[in-house]
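Undergrad: Sharing a structure here in structure tokens format.
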Amino acid sequence: MGVLGIDPVAVQLGPLAIRWYGIIIASGILIGYLLAQRTAKKVGIKEETLIDLIIWCVVMAIICARIYYVAFEWGYYSQHLVEIPLIMNGGIAIHGGLIGAFITGFIICRMKNLSFFQMVDIVAPSIILAQAIGRWGNFMNQEAHGGPVSRSFLEDLHIPEFIINHMQIDGIYYHPTFLYESVWNIVGFILLLLIRPQLKIGETFFAYLIYYSIGRFFIEGLRTDSLMLTESLRIAQVISIVIIVVSIACIIYRRIRYNPKKFRDVKGYYHN
């Protein structure tokens with residue numbers, strides 16, 4: 001624990017521990033939903049439609065994020081099966097969560113005759129904002145940090161003292177990579193809101209994937225807890241490159257094949 005002794009447990013109710021990690025993740029989801037709901041209302045999409053979609057996507061995202069993490073850490077969890085469902089202790093992978101959420105969203109949109117790309121354009125800024133907030137859950141758990149650095153290095157970043165202190169673990173200071181990604185995502189959130197009206201349907205979603213993946217690729221290289229594909233290949237970096245290439249290809253293909261309308265020009269449900 002850092003020198004400030006920030007307790008990762010917010011509330012202890014007998015045997016039940018409510019951790020800051022869960023509170024922060026839940027707060028990010030709620031704020032993201034409220035933001036997306038405002039946009040959905042402006043374009044004429046019913047509130048219950050978005051609620052149903054987000055509930056299912058969040059549930060499947062959490063499940064798939066844990067499955068993804070456990071799968072790539074099976075050497076440990078095969079010997080500690082009882083710990084597999086204990087996500088409150090950390091150990092979820094955002095790429096697994098995104099895969100689960102987007103597959104679930106695609107299926108639900110098909111079932112309800114909705115435009116998948118319109119819906120993900122609406123929630124894309126919310127997702128990256130929720131990710132920015134969620135990284136502070138990693139801060140509380142003193143996880144998802146980078147390699148060792150000096151205190152003077154952290155002070156030169158001009159970040160608050162409480163962050164510097166909590167980045168000291170067992171007498172060693174570490175890169176606050178959670179903070180790097182949080183700031184990157186906040187900037188991305190602002191950019192997506194600014195450019196979304198000018199982009200064609202579906203392109204805000206792909207812009208989010210490209211932007212997030214660029215930042216994740218470089219920040220992942222600083223982390224010490226990466227899930228590894230091989231001894232030298234970090235899974236998150238490989239996935240990030242694939243996402244960038246596929247997203248660019250999808251933008252080009254959709255412009256040639258469908259030439260969708262701009263986001264700002266669509267009111268109500270979009271069908272193409």
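Undergrad: So what is the accessible area of the stretch 116-173 per residue, in Å², with the probe set to 1.4 Å? Please list the in-between numbers first.
TA: Numbers: 2100 Å² over 58 residues.
Value for the stretch 116-173: 36 Å² per residue.
Undergrad: Identify all aspartates and glutamates with a Cα-Cα distance to K42 below 15 Å; exclude those on the same chain that are fewer than 8 residues away in sequence.
TA: The reachable aspartates and glutamates, counting only those whose Cα sits under 15 Å from K42, are D121, D265.
Undergrad: How big is the Cα convex hull of the stretch 183-240 in projection, averaged over all directions, in nm²?
TA: Values: hull surface 17.4 nm².
Approximately 4.4 nm², given one-decimal rounding.
Undergrad: Starting from the Cα gyration tensor of the stretch 161-271, multiply each eigenvalue by 5, take the square root, and state the resulting semi-axes largest first in whole Å.
TA: 35, 19, 8
Undergrad: Same structure, new question: By how many nm would the segment from A17 to Y77 lengthen if fully extended, with 0.36 nm per residue of separation less the alpha-carbon distance? Could the numbers behind the result be given before it?
TA: Working: separation 60, 0.36 × 60 = 21.60 nm, distance 2.18 nm.
So the extension gain works out to 19.4 nm.
Undergrad: Using only alpha carbon pairs under 8 Å that are at least six residues apart, calculate the relative contact order of the stretch 94-232 and give it in whole percent.
TA: On the way: 131 pairs, mean separation 45.1, N = 139.
Once divided by the residue count of the stretch 94-232, the mean separation gives 32 percent.
Undergrad: Could you pull the accessible area for I67 with a 1.4 Å probe, rounded to 10 Å²?
TA: In the full protein context, I67 sits at about 100 Å².
Undergrad: If you don't mind, there's one more thing I want to ask. What's the percent breakdown of Cα-Cα distances in the chain across 10 Å bins, shortest bin first?
TA: Calculated P(r), rounded to whole percents: 6, 27, 34, 22, 9, 1.
Undergrad: Now for a separate question. Counting helices only, and only those DSSP H runs with n ≥ 4, report the 222 nm mean residue ellipticity of the chain as the sum of -39,500 (n - 2.57) divided by its residues, in deg cm²/dmol to the nearest 500. Intermediate values should be presented prior to the final figure.
TA: Values: 10 runs with 169 residues, N = 272.
Taking each H run of at least 4 residues, the total per residue is -21000 deg cm²/dmol.
Undergrad: Using unit Cβ charges (K, R positive; D, E negative) and no other charged atoms, how large, in debye to the nearest 20, is the dipole of the chain about its Cα centre? Numbers along the way, then the final one.
TA: Values: 22 positive and 18 negative charges, 331 e Å.
It works out to roughly 1600 debye.
Undergrad: Still on this structure: Using a 1.4 angstrom probe on the protein heavy atoms only, line up V58, V82 by accessible area, largest first.
TA: Details: V58 40, V82 115 Å².
Ranking V58, V82 by accessible area, largest first, yields V82, V58.
Undergrad: Still on this structure: Let me know the Kirkwood hydrodynamic radius for the stretch 1-97, please, with Cα pairs as the basis and the value in Å to one decimal.
TA: On the way: mean 1/r = 0.0636 Å⁻¹.
Mean inverse Cα-Cα distance, inverted, gives 15.7 Å.
Undergrad: Choose one of A249, G188, Y212: the residue whose Cα lies farthest towards the positive end of the charge dipole of the stretch 177-272 (beta-carbon charges +1 Lys, Arg; -1 Asp, Glu; about the Cα centre).
TA: The one lying farthest along the dipole's positive direction is A249.
Undergrad: Also, I was wondering about something else. In debye, nearest 20, what is the charge dipole magnitude of the stretch 132-272 about its Cα centre with +1 on Lys and Arg Cβ and -1 on Asp and Glu Cβ, if you could check? Numbers along the way, then the final one.
TA: Details: 14 positive and 11 negative charges, 255 e Å.
So the dipole magnitude of the stretch 132-272 works out to roughly 1220 debye.
Undergrad: Using the Cβ atoms and a cut-off under 13 Å, what net charge is assigned to the surroundings of P197, where Lys and Arg are +1 and Asp and Glu are -1? Write down the numbers at each step before the final one.
TA: On the way: positive: K42, R196, K200, K261, K262, R264, K267; negative: D121, E203, D265.
That works out to +4.
Undergrad: Ratio to report: Rg/Rh of the stretch 83-174, with Cα atoms as the point set and Rh obtained by the Kirkwood method; give two decimals.
TA: 1.14
Undergrad: Just add up the charged neighbours of E220: K/R +1, D/E -1, any other residue whose Cβ is under 12 Å from the Cβ of E220. Before the final figure, lay out each step's value.
TA: Numbers: positive: R216, R223, R234; negative: E181, D225.
Net charge in that neighbourhood comes out at +1.
Undergrad: Taking the alpha-carbon centroid of each part, what is the distance from the stretch 228-255 to the stretch 1-53 in angstrom?
TA: If we compute the Cα centre of each part, the gap is 28 Å.
Undergrad: Along its three principal axes, how long is the stretch 217-272 when you only count alpha carbons? Whole Å, largest extent first please.
TA: Principal-axis extents of the stretch 217-272 (Cα, largest first): 47, 21, 16 Å.
Undergrad: Considering only the other residues whose Cβ falls under 14 Å of the Cβ of R254, what net charge follows from Lys and Arg at +1 and Asp and Glu at -1? Can you show the working numbers first?
TA: On the way: positive: K200, R255, R257, K261, K262; negative: D121, E203.
So the surrounding residues net to +3.
Undergrad: How large is the accessible surface of H271 in square angstrom, using a 1.4 angstrom probe and rounding to the nearest 10?
TA: 120 Å²
Undergrad: Could you give the nm distance between label points at K267 and F106, where each point is 7 Å from its Cα heading toward the beta carbon?
TA: 3.2 nm
Undergrad: Another question, if that's okay. Please report, in debye to the nearest 20, how large the charge dipole of the stretch 70-194 is about its Cα centre when each Lys and Arg carries +1 at its beta carbon and each Asp and Glu carries -1 there. The partial results should precede the final answer.
TA: Values: 4 positive and 9 negative charges, 110 e Å.
Charge dipole, the stretch 70-194, about its Cα centre: 520 debye, nearest 20.
Undergrad: Here's another thing I want to ask about it. Using a 1.4 Å probe over the heavy atoms of the protein chains, calculate the carbon and sulfur portion of the accessible area of the chain as a whole percent. Write out the running numbers ahead of the final one.
TA: Values: 9490 of 13990 Å².
Carbon plus sulfur share of accessible area: 68 percent.
The values are calculated or read from the model by the stated rules, or taken from the named source; none is laboratory data. No experiment lies behind these values; they were computed from the predicted model shown. All Cβ positions, even for glycine, are placed from backbone atoms using ideal geometry, and neighbour counts span all protein chains on display. When the accessible area is computed, the model is the full protein with side chains, heavy atoms only, and any ligands, DNA or RNA have been set aside. Shrake-Rupley method; radii C 1.70, N 1.55, O 1.52, S 1.80 Å.
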